[in-house]
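The values are calculated or read from the model by the stated rules, or taken from the named source; none is laboratory data. Quick caveat, the model's predicted, so the values are computed rather than measured. Using ideal geometry, Cβ is built from the backbone for each residue, glycine included, and neighbour counts are taken over all protein chains shown.
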């Protein structure tokens, strides 16, 4: 599996766009065919997740999974010798799909050209122009154009400079949605309003934390992002706290039973999280040591890293258990229709 954090800018390429205004290493023109997969009720799209199988003459077929992470997206890639979604991918998406089958929901054909922009320090970004055809039965039924600038070695300031020059060349505001959303004319779901009665505000807060649990679940399963695990655990703790604070309005038996189930899930996360915190502090402490003390500290760190790996294995197994999937199903219904008292 290849993993990268995708930091990019998307703009529109209207009639006024004069062309990519940068010199650099020219990228070979290519035609990419992407088949997007989702559940029948588009649960991945609901979480701003895209899964596609991409083919091109110049490269081997690949599965590409894009997960939201902060303001960016984490892109994971696997070889795709067949059209069957890999078991590893299905496992990462279990919190969203709950085991529902993933099937093709759209096919896009993209004609791409562009350049790698460079400066004295090396490669900064790939800037490409995409002409995208939405296919139905192999025939194009809709076309849209985009300009993408994706950082490969630059920073946010470099991306801003590229944007200014692209706009000077006639680029305009883009659609802002991933290609799949444009193809299916999907809009990102709007969060529940936090206004209105106390009950409405509590319901909106419960829904927000449930969405946070789903958002950070894949990162917890990957096991290499301590912040995803931390945010996953925080969402569970906040949800439990809100159920407790909302006791005067909620059915007490219903709320307390849900809190107990959330507590068990939180305990599974806590074991790995505690080791992450301990390791972060110990690594910093060992860096301050010299000689034999440093070597001894390094051995302790290695022992704890092995313990952390075992704890992650246990956590991954717990997240595959029917009990966790059942909890997510209960939460989905609970946050939509909280059981209020009276």
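Looking at this structure, is residue 225 modelled with pLDDT under 95, touching a helix residue (DSSP H, G or I) at 6+ places or on another chain (Cβ under 6 Å) and closer than 17 Å to residue 270 by Cβ?
When the stated conditions are applied, residue 225 passes them.
Considering every residue within the range 208-224, establish whether at least one is farther than 30 Å from residue 310 by Cβ and either surrounded by 20 or more Cβ atoms within 10 Å (Cβ to Cβ) or within 17 Å of the chain's Cα centre (by Cα) (or both).
Checked the range 208-224: at least one residue is farther than 30 Å from residue 310 by Cβ and either surrounded by 20 or more Cβ atoms within 10 Å (Cβ to Cβ) or within 17 Å of the chain's Cα centre (by Cα) (or both).
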Selection count, the range 228-242, where residues are within 21 Å of the chain's Cα centre (by Cα) and free of Cβ contacts under 8 Å to residues at least 24 places away in the same chain: 2
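Within the range 151-177, count every residue that is assigned to a loop (DSSP other than H, G, I, E, B) and either modelled with pLDDT of 90 or more or outside the structural domain of residue 118 (by TED's automatic domain parsing) (or both).
4
Answer yes if at least one residue in the range 96-106 is part of a strand (DSSP E or B) and either surrounded by 18 or more Cβ atoms within 10 Å (Cβ to Cβ) or modelled with pLDDT under 95 (or both), and no otherwise.
Yes.
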Given (1) touching a residue at least 60 places away in the same chain (Cβ under 8 Å); (2) under 25 Å from residue 157 (Cα atoms); (3) out of contact with any helix residue (DSSP H, G or I) (no Cβ under 7 Å at 6 or more places or on another chain), number of the condition residue 122 does not satisfy: (1)
Answer from 310, 247, 263, 252 - the residue that is at pLDDT 95 or above and either touching a strand residue (DSSP E or B) at 6+ places or on another chain (Cβ under 6 Å) or not assigned by TED's automatic domain parsing to the domain that holds residue 49 (or both): 310
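Consider the range 330-339. How many of its residues are loosely packed, with under 12 Cβ neighbours inside 10 Å and assigned to a helix (DSSP H, G or I)? Can you show your working first?
Step one: list which residues in the range 330-339 are loosely packed, with under 12 Cβ neighbours inside 10 Å, which gives 333, 337.
Still in the list and also assigned to a helix (DSSP H, G or I): 333.
Counting residues in the range 330-339 that are loosely packed, with under 12 Cβ neighbours inside 10 Å and assigned to a helix (DSSP H, G or I) gives 1.
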Only listed residue being surrounded by 19 or more Cβ atoms within 10 Å (Cβ to Cβ), outside any strand (DSSP E or B) and at pLDDT 95 or above, chosen from 65, 44, 51, 76: 44
Qualifying positions in the range 162-191 - free of Cβ contacts under 8 Å to residues at least 24 places away in the same chain and out of contact with any helix residue (DSSP H, G or I) (no Cβ under 9 Å at 6 or more places or on another chain): 164, 177, 185, 190
Criterion violated by residue 29 - all others in (1) over 29 Å from residue 97 (Cα atoms); (2) assigned to a loop (DSSP other than H, G, I, E, B) satisfied: (2)
Enumeration of residues in the range 317-329 that are over 13 Å from residue 267 (Cα atoms) and either in a helix (DSSP H, G or I) or in contact with a strand residue (DSSP E or B) (Cβ under 9 Å, 6 or more places away or on another chain) (or both): 317, 320, 322, 323, 325, 326, 327, 328, 329
Any hit, the range 270-290, residues being assigned to a helix (DSSP H, G or I), in contact (Cβ under 8 Å) with a residue 40 or more places away in the chain and in contact with a strand residue (DSSP E or B) (Cβ under 9 Å, 6 or more places away or on another chain): no
